[in-house]
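Below is one structure; the comments refer to it alone.
The values are calculated or read from the model by the stated rules, or taken from the named source; none is laboratory data. All figures in this text were calculated on a predicted structure; none of them were measured in a lab. Positions of Cβ are backbone-derived with ideal geometry, glycine not excepted, and every protein chain shown enters the neighbour counts.
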Amino acid sequence: MGRWAPGAQGRLEEAAMELFEERGFENTTVADIAERAGLTKRTFFRYFPDKREVLFSGTEPLKGKFVEAIVAASADTAPLDAIALGLDAMADLFTTIGDRPRKRQAIIGANPELQERELVKMIAFAAAGAEALRDRGVAEPAASLAAEAGIAVLRIAFEQWVTGPKGQDMKKLLHDSLAELKAVAA
């Protein structure tokens, strides 16, 4: 398949995931990924600034769904409930991407540099959620508290989803974690 064939980004992502699982993140180079995908290093860099970003390429669409759902919530929706709607929108995306989140999380869990990058992503989600709430008229510190709490719920539910039995309902895990948070805060 030529380097200009359709699906180059997907081929690079698939090749990277295979190699990260086989060799480990640290022992995989961009050249290895490009070669496995049947592409050049130059083509790799058209899609990703570095090999870490292969694992984080879905961040912006995910954050976009999260924010869109918060903004679309009815005016009388409580801040934490608006965040929950954003989390539900994220869960909808998770269920469409198969086993990749489990594999991705195992790779991240084995590498402190990637764990740090994952935390940065979570901070960005919380900031985006807080901004969406402020745009809805929620004052501080309530906007930031609701967004941060929502991201904590996401992290707990996501960990249960990727480490638990396959076929679990991500939305149910999110709702159960949110209910636990509300019970703890009551």
- Note on the structure: Scanning segment 31-46 for residues that are under 9 Å from Leu12 (Cα atoms) and of a type in the set (Phe, Trp, Tyr) gives Phe44
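Hey, any hits in segment 39-47 for a residue that's touching a residue at least 40 places away in the same chain (Cβ under 8 Å) and outside the structural domain of Ala132 (by TED's automatic domain parsing)?
Let us first name the residues in segment 39-47 that are touching a residue at least 40 places away in the same chain (Cβ under 8 Å), namely 43.
Narrowing the set further to residues that are outside the structural domain of Ala132 (by TED's automatic domain parsing) leaves 43.
Within segment 39-47 (the criterion being touching a residue at least 40 places away in the same chain (Cβ under 8 Å) and outside the structural domain of Ala132 (by TED's automatic domain parsing)), the answer is yes, since at least one residue qualifies.
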- Of the residues in segment 68-87, those that are out of contact with any Lys or Arg (no Cβ under 9 Å at 6 or more places or on another chain) and closer than 24 Å to Ala185 by Cβ number 8
- Message: List pairs: first residue in segment 119-131 and free of Cβ contacts under 8 Å to residues at least 40 places away in the same chain, second residue surrounded by 14 or more Cβ atoms within 10 Å (Cβ to Cβ) and hydrophobic (A, V, I, L, M, F, W, C) anywhere in the structure, Cβ distance under 7 angstrom, at least six positions apart or on different chains.
- Response: Met122/Ile151; Ala126/Ala147; Ala126/Ile151; Ala130/Ala143; Ala130/Ala147
- Item | Test set (1) surrounded by 14 or more Cβ atoms within 10 Å (Cβ to Cβ); (2) in the same structural domain as Asp169 (by TED's automatic domain parsing) - Ile123 fails condition number | (1)
- Picked from segment 127-186 (must be of a type in the set (Val, Ile, Thr) and at pLDDT below 95), the residue nearest to Gly98 (Cα to Cα) is Val162
- Query: Among the candidates Glu148, Glu159, which residue alone is over 17 Å from Gly86 (Cα atoms), of a type in the set (D, E, K, R), surrounded by 14 or more Cβ atoms within 10 Å (Cβ to Cβ) and out of contact with any Leu (no Cβ under 6 Å at 6 or more places or on another chain)?
  - Reply: Glu159
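Hey, could you check segment 1-20 for residues that are surrounded by 14 or more Cβ atoms within 10 Å (Cβ to Cβ) and either more than 24 Å from the chain's Cα centre (by Cα) or of a type outside the set (A, V, I, L, M) (or both) and say which is nearest to Leu114 (Cα to Cα)?
As a first pass, look at segment 1-20 and keep what is surrounded by 14 or more Cβ atoms within 10 Å (Cβ to Cβ): 3, 8-9, 11-20.
Checking which are either more than 24 Å from the chain's Cα centre (by Cα) or of a type outside the set (A, V, I, L, M) (or both) leaves us with 3, 9, 11, 13-14, 18, 20.
Numbers: Arg3: 28, Gln9: 20, Arg11: 21, Glu13: 16, Glu14: 18, Glu18: 17, Phe20: 12 Å.
It comes out as Phe20.
Yes/no matrix, rows are residues, columns are (1) of a type outside the set (D, E, K, R); (2) farther than 23 Å from Ala179 by Cα; (3) surrounded by 14 or more Cβ atoms within 10 Å (Cβ to Cβ):
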| residue | (1), (2), (3) |
| --- | --- |
| Thr96 | yes, yes, no |
| Pro101 | yes, yes, yes |
| Arg104 | no, yes, yes |
| Ile108 | yes, yes, yes |
| Gln115 | yes, yes, no |
| Glu118 | no, yes, yes |
| Ala127 | yes, no, yes |
| Ala130 | yes, no, yes |
| Val138 | yes, no, yes |
- Looking only at segment 51-77, and only at residues there that are free of Cβ contacts under 8 Å to residues at least 24 places away in the same chain and not β-branched (Val, Ile, Thr), the one that is surrounded by the fewest Cβ atoms within 10 Å (Cβ to Cβ): Asp76
- Query: Do you know which of the residues in segment 37-50 that are closer than 22 Å to Ala106 by Cβ and surrounded by 19 or more Cβ atoms within 10 Å (Cβ to Cβ) is farthest from the chain's Cα centre (by Cα)?
  - Reply: Ala37
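Looking at segment 167-176, which of its residues are surrounded by fewer than 20 Cβ atoms within 10 Å (Cβ to Cβ) and either touching a residue at least 40 places away in the same chain (Cβ under 8 Å) or of a type outside the set (Lys, Arg) (or both)? Working first, answer last.
To start, the set of residues in segment 167-176 that are surrounded by fewer than 20 Cβ atoms within 10 Å (Cβ to Cβ) comprises 167-169, 171-172, 175-176.
Once the filter is applied, which keeps residues that are surrounded by fewer than 20 Cβ atoms within 10 Å (Cβ to Cβ) and either touching a residue at least 40 places away in the same chain (Cβ under 8 Å) or of a type outside the set (Lys, Arg) (or both), segment 167-176 yields Gly167, Gln168, Asp169, Lys171, His175, Asp176.
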